[in-house]
Every structure is written in C-alpha cells, then in structure tokens.
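What follows is a set of notes on a single structure, which appears directly below.
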Amino acid sequence: MRHLTISSVGSFVGLKGNLLVVKEDNRVIYEAPLSRLRTVRLERHIALSSDLVLACAARGIKLVFLDWRGVGVSELSGTYQHAVVKVRKSQFDFINSENSCSLAQEVIKTKIKNQRAVLLYFSKYLCKKGLPAGKLLKDKADDINPLLNAISSINTKETEWRDRLLGIEGRVSVHYWQALRDTHLLPSTFTNREGRGAQEITNAALNYAYAILQSYVHSALANAGLELYTGFLHVDRPGKPSLALDLMEEYRAWVVDRTIIKMKSCLEKGEDENRQLLDKNLKKQISDNIDAVMSGLVLYKGKKCRLENVLQRQVYRLCATFVGQKRYKGLTFKW
C-alpha cells in the first residue's frame, strides 16, 4: 500500500505518532504507517489535520485533492520539490519546434499498440474458452494496423499535423470501443465512450480510473521538474495539465481499460441495483485495482520493475529527449 484514496464524506484524516489515521464520528476506522505512503488522495468534504500536512511534507508524501470527477485539482508537497531550470527551458524550446510532432507520433503510436494489445489479451482468453468473440477481437485488432501505419506518413513540417494525428487516433478509438462493446466485454449499458459528466456506470468508472492514472503521471512529471501545463499534443488551456494528459495516453488502455473490463461483474451489479453513479465502495474497488496494476511488475529493459517506477523512468527519458540526449520510446505492454 503506497497510494491511499480517502473518499468517505465527513471523515477526518489526522496523525497519531507515525500513523495516518482516518476517523468517522470520532471512531478510528483506518490506520496506515506514513513510512509506507507516497501519495494520499482526498475527495471532497474531508477534514484534514495540519500536523498531518507537516508530517507528510517532511517525508515527501504528496497530498492530492480531488474534485467531483475524481480528478486531482490541487496538490500539497514539501519545499524539497524543485524545478530544473535547464530542463524546463529545453521543454519549451522542444515543444515549439518540429520535434514535437515526432514525439506526439511516438506517443499516439504507443497508445494504439497498447489498445491493440488489450484486444489481443482478451482475444487469447476468449479463444481458449472456444468463444467466437475471440476471433472477432483478433480481426478488430488486425483492422487497426493500417491506421497505425498511417501515423508514420505524417510529415513533421505539415502545419496541421496535430489535427491529422488526432484524427487517426479518433478513428482507432472508434474501432477499439466498438470491438469491446460488440464482444460484450463491457456491460450492456455501454454504447459509446463518454467523457466528463457521464451518467452511464461504465463510462463513469472509466473516467474515475483515468483520473487516478492522471495523478500518477502528474506526480512523476512533478518529480522530474517539468512544466505540467505545456504539452506537445493537447492544446494548452488554463487549468489543463496538458503534458500529463499527453503522457498518460500510452497507459490508458492497459492500466485503466483492461482493469475496468475485468470489473464487469461489479459494474453489472451496480446496474441491478439501479446505481447510475459510483458509490464509495465501487470507487474503492477501482482505486485499489488501479493501484495494484501500478505497483505490479512489468518487464522493462530486461528487468522486472514496478510499473510506477517504470513510469518515472520514462519521464526521465522524456527529460533527456527535451534536452536532446535521447529519443523518446513509448512503453508497450506485452499481452
């Protein structure tokens, strides 16, 4: 347990010795050693002790405050945090150059490869059970290849390269979500992908899980001293962490989509109970499952490493790309 999400309305989070304690009605319902924590995510309507804030700052534990969507909108951290001026200057220069197109191409290609990996992952499972949906998923995965190849044809000197790239990414997403829907890997209430404010339970679960993933990416970028609000793919807008949204693209399918698909029975139970929005129990299941994926081992450069550590190493590789020392290579998952 390295990342803790607290979502109980009206609870109090405080400090007892070297323990974080969560109370409801003056009764302790949960305790966690500070030595085991790296991030504490807090939803709305939760009281917080200033002693806990100081203890977390001294230990490098980030306190992330979430809005009604589960998206982190504020973060408290100790003054040990720093920004590397050279890296940030290089980041701005890189993003304003033609190199940003090549980086965006690599990230979107990696995202599509990982979407294809998710389809093949479940195809293998369904084929072993002798179900025809397995072949359908494989065929859908094969249909993605021509679109994947089209990305390489985009010229970095084109003025509208971003629109072309996002257009291809959008076409792949239509194929991808349609494949998941047609093979009944998602609940029957899911008809198409919906973003902010979705009332359908699968989309709401996806949005909540993406917000948790974003907090991981946000933290990794902040650790490296990068400017989160200037990206190479998403358009800059006040309050929009464009760089975090850029980098998390390649992790969405494997970390979040695959997890939510595996939770299909939990989501369908919510349908049976006429639950349209996520309750605290389902939120806890989602956050626990995403945290488990991020703390799980993946093969990286010939060694098995925690995925959250791999993410941090990928961010440092991104820094090296900004200063011209390395070419960024996205992280593709093996299915």
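Does region 59-76 contain at least one residue that is of a type in the set (Gly, Ala, Ser) and farther than 20 Å from residue 242 by Cα?
yes
Only one entry in 239, 225 is farther than 26 Å from residue 332 by Cβ, in contact with a Cys (Cβ under 9 Å, 6 or more places away or on another chain) and not aromatic (Phe, Trp, Tyr), namely 225. Mind checking whether some residue in region 81-94 is crowded, with 16+ Cβ neighbours inside 10 Å and closer than 30 Å to residue 170 by Cβ? Yes, some residue in region 81-94 is crowded, with 16+ Cβ neighbours inside 10 Å and closer than 30 Å to residue 170 by Cβ.
Take residue 109 and decide whether it is more than 22 Å from residue 228 (Cβ to Cβ), assigned to a helix (DSSP H, G or I) and not acidic (Asp, Glu). Full working, then the answer.
On the way: more than 22 Å from residue 228 (Cβ to Cβ): yes; assigned to a helix (DSSP H, G or I): yes; not acidic (Asp, Glu): yes.
Here the answer is yes, as residue 109 does meet what is asked.
Annotation for region 235-246: no member residue is modelled with pLDDT of 95 or more, closer than 20 Å to residue 296 by Cα and in a helix (DSSP H, G or I).
Criterion first (of a type in the set (Ser, Thr, Tyr) and crowded, with 18+ Cβ neighbours inside 10 Å) does residue 295 satisfy it?
In short, no.
Scan region 172-221 for residues that are among the hydroxyl-bearing types (Ser, Thr, Tyr), touching a residue at least 60 places away in the same chain (Cβ under 8 Å), farther than 19 Å from residue 290 by Cβ and part of a helix (DSSP H, G or I) and jot them down. If the condition is that a residue be among the hydroxyl-bearing types (Ser, Thr, Tyr), touching a residue at least 60 places away in the same chain (Cβ under 8 Å), farther than 19 Å from residue 290 by Cβ and part of a helix (DSSP H, G or I), then 176 is the only one that fits.
Scanning region 109-137 for residues that are among the polar types (S, T, N, Q) and out of contact with any Phe, Trp or Tyr (no Cβ under 7 Å at 6 or more places or on another chain), which turns out nearest to residue 176 (Cα to Cα)?
In the first step, residues of region 109-137 are kept if they are among the polar types (S, T, N, Q); the result is 110, 114-115, 123.
Now restrict to residues that are out of contact with any Phe, Trp or Tyr (no Cβ under 7 Å at 6 or more places or on another chain): 110, 123.
On the way: 110: 14, 123: 13 Å.
Residue satisfying both the conditions and the ranking: 123.
May I ask you to say which residue of 216, 208 is under 20 Å from residue 267 (Cβ atoms) and hydroxyl-bearing (Ser, Thr, Tyr)? Let's see the steps before the verdict.
On the way: 216 fails: under 20 Å from residue 267 (Cβ atoms).
One residue alone meets the criteria, 208.
Under the condition of being open to solvent by 20 Å² or more (accessible area, probe 1.4 Å), among the hydroxyl-bearing types (Ser, Thr, Tyr) and not in a helix (DSSP H, G or I), the residues counted in region 301-335 number 1. Close contacts from region 320-332, counting a first residue that is under 14 Å from residue 251 (Cβ atoms) and small (Gly, Ala, Ser) and a second that is in a helix (DSSP H, G or I) and open to solvent by 60 Å² or more (accessible area, probe 1.4 Å), with Cβ to Cβ under 8 Å and a gap of 6+ residues or different chains, come to 330/113.
Return yes or no: is residue 225 within 23 Å of residue 95 (Cα to Cα) and assigned to a loop (DSSP other than H, G, I, E, B)? Break it down into steps so the answer makes sense when it comes.
Working: within 23 Å of residue 95 (Cα to Cα): yes; assigned to a loop (DSSP other than H, G, I, E, B): yes.
In short, yes.
The set of residues in region 151-171 being open to solvent by 50 Å² or more (accessible area, probe 1.4 Å), outside any loop (DSSP other than H, G, I, E, B) and not hydrophobic (A, V, I, L, M, F, W, C) consists of 152, 162, 163, 164, 171.
Here is a yes/no grid of residues against (1) open to solvent by less than 40 Å² (accessible area, probe 1.4 Å); (2) touching a strand residue (DSSP E or B) at 6+ places or on another chain (Cβ under 9 Å); (3) under 21 Å from residue 283 (Cβ atoms):
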position: 3; (1), (2), (3): yes, yes, yes
position: 10; (1), (2), (3): no, yes, yes
position: 15; (1), (2), (3): no, yes, no
position: 18; (1), (2), (3): no, yes, no
position: 22; (1), (2), (3): yes, yes, yes
position: 44; (1), (2), (3): no, yes, yes
position: 51; (1), (2), (3): no, yes, no
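The strands (runs of 3 or more DSSP E) located wholly in region 1-84 that include 3 or more residues which are within 19 Å of the chain's Cα centre (by Cα) occupy 3-6, 39-42, 62-66, 72-76.
The values are calculated or read from the model by the stated rules, or taken from the named source; none is laboratory data. None of the values given here were measured: they were computed from a predicted structure. As a convention, Cβ positions derive from the backbone with ideal geometry for all residues, glycine included, and neighbour counts pool all protein chains shown. With ligands, DNA and RNA removed, areas are computed over all heavy atoms of the protein, side chains included. Shrake-Rupley method; radii C 1.70, N 1.55, O 1.52, S 1.80 Å.
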